[in-house]
Amino acid sequence: MTVDPNAATQDFPSPEPARRPQASRYLVPALVAGAVALALGAYGKVHDPAGTAFNLAGFSSTGAVKSWLATGAMGFAVVQFVSALMVYGKLPGPSWAGVLHRWSGRVAFLAAVPVAVHCLYALGYQTYEPRVLWHSLLGCFFFGVFSAKMLLLRSERLPGWLLPIVGGVVFAALTVVWLTSALWFFRTFGVTT
């Protein structure tokens, strides 16, 4: 009996398609997060602080502008946290909770960007007291981990626990950044505009 090497084989399973290593789906966002955080910190450290970057009419100081923008960002981040609990079924919520989650995150980010630009440009990366050190570290970390979260949103087949954990880290970092800046400002100088 002879065997035809060109004959179709039905007895043997076809080889599995090559799979992309799972680590790369997590490694790339982690590396981007680190790069963003380090780049912001390095820029803030080597840049000579300008003292001010912007001021808005109606506010008494740039500190008041930053504190109110940061408070707005924090408020929308709380909305995003609660809407995430609705999306994941941990709280009852409307059918449009996903839309609320996405838009509250966008608004929170848009409110946080001018604050970060001012902090980096006008003040730089500072470490002269523990509150300021934590604020500088976690401010850079926030934008790094936010970048990682945005990249992970586009990944397929993520474990169900990953996005809530990364989102929680983003929320926790923003909370500490707000506590070490806006809340400190309001407690020190009063709730003014």
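The values are calculated or read from the model by the stated rules, or taken from the named source; none is laboratory data. Computed from a predicted model, the values in this text were never measured in an experiment. Note that we place each Cβ from the backbone using ideal geometry, even for glycine, and neighbour counts take in every protein chain shown. Just so you know, the surface numbers come from the protein's heavy atoms only, side chains and all, with ligands and any DNA or RNA stripped out. Shrake-Rupley method; radii C 1.70, N 1.55, O 1.52, S 1.80 Å.
Just subtract the alpha-carbon distance of Ser95 and Val132 from 0.36 nm times their residue separation and send over the number in nm, one decimal.
Result: 9.2 nm gained on full extension.
Can you find, among Gln126, Ala64, Leu162, the residue farthest towards the positive end of the dipole of the range 35-172? Put +1 on the C-beta of Lys and Arg, -1 on that of Asp and Glu.
Checked the options; the winner is Leu162.
May I ask you to list the lysines whose Cα is less than 30 Å away from that of Lys66, ignoring any residue fewer than eight positions away on the same chain?
Counting by Cα, and skipping residues close in sequence, Lys66 has these lysines nearby: Lys45, Lys149.
Please list Met150, Met74 in order of solvent-accessible area, largest first, computed with a 1.4 Å probe with all protein chains present.
Sorted by accessible area, descending: Met150, Met74.
Taking R0 as 30 Å, what FRET efficiency do you get between Leu179 and Leu158 from their Cβ-Cβ distance, rounded to the nearest 0.05?
Working: r = 30 Å, r/R0 = 1.00.
Efficiency, from the Cβ-Cβ distance: 0.50.
Report Phe146's accessible area, 1.4 Å probe, all protein chains in place, as a number in Å² to the nearest 10.
40 Å²
Treating only the Cβ of Lys, Arg, Asp and Glu as charged (+1, +1, -1, -1), what charge dipole size does the range 91-177 show about its Cα centre? Round to the nearest 20 debye.
Using Cβ point charges on Lys, Arg, Asp and Glu, the range 91-177 gives about 220 debye.
For the range 110-157, state which trypsin sites (Lys or Arg not before Pro) are in a DSSP loop and have at most 16 other beta carbons lying within 10 Å of their beta carbon.
Answer by residue number: Arg154, Arg157.
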